[in-house]
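The values are calculated or read from the model by the stated rules, or taken from the named source; none is laboratory data. Keep in mind that what you see is a predicted model, and the values were worked out from it rather than measured. Note: accessible area is taken over every heavy atom of the protein model, side chains too, but ligands, DNA and RNA are not part of it. Shrake-Rupley method; radii C 1.70, N 1.55, O 1.52, S 1.80 Å.
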Amino acid sequence: MYRRIPALAVAALVFALFACTASSPSPPPASLPPLPYTCPPTPGSQFTTPYPCTSAEHSVNNERLERDALEAEAIALYQRFAKEVTRLEWSGGTTAMTPELDATTEYPLKGEVLEYLSDQKNAGEVLKGPEPRLSWKVLKDERREGSLVTLRTCEDMRGAILHGSDGAELGRGRVVVGKRYFKRFDGVLKIFFTSLERTDACPF
């Protein structure tokens, strides 16, 4: 038995078919442009090799690398300075500035070190025994007179003995803790100020 389909239903069916066949798939989203910089991996990050990064990340990363390099330069400079002072103390002091002291220090520290070593030389005193054990850490927020880096240092001189010109024992070494301040002079990093105190043990 033939059954007439209402015109409205036919129209709805045609529209539905047209809608299904006429539509096309959405285009894939456009790929994002590559990040313009490359950053090296940092400790604790998920990356183990250089990775693409943003301008802001690159700027922060460069600042961190520059700071790390500056602190490493200061530590190496302090080690050179301490080694030279130790050499001079164990050889009986000096009344003349040495090239290594000149390369690692600036005033007022330069004058203070030379005065101390001159007094030792003039008194005929010499240190003997094991050389100091050095330790240090960077003080991130400590500044003085435009300093760029500050190190908290510890020189453990226990075991060293100071002898007079007649060979008699004058005293025994202790632990010396200090703050060493660094800045550039004519582009060269040097230690220019130091504060020291004696204690019984290194605090770090």
Handout entry: lysines with Cα under 22 Å of LYS110, excluding same-chain neighbours fewer than 8 positions away
Key = LYS83, LYS121, LYS179, LYS183, LYS190
Practice task
Would you check the accessible area of PHE204, probe 1.4 Å, heavy atoms only, in square angstrom rounded to 10?
Solution key: 80
Practice task
Any chance you could look up the accessible area of TYR116 with a 1.4 Å probe, heavy atoms only, rounded to 10 Å²?
Solution key: 110
Handout entry: Computed accessible area, ASP141, all protein chains, 1.4 angstrom probe, square angstrom
Key = 150
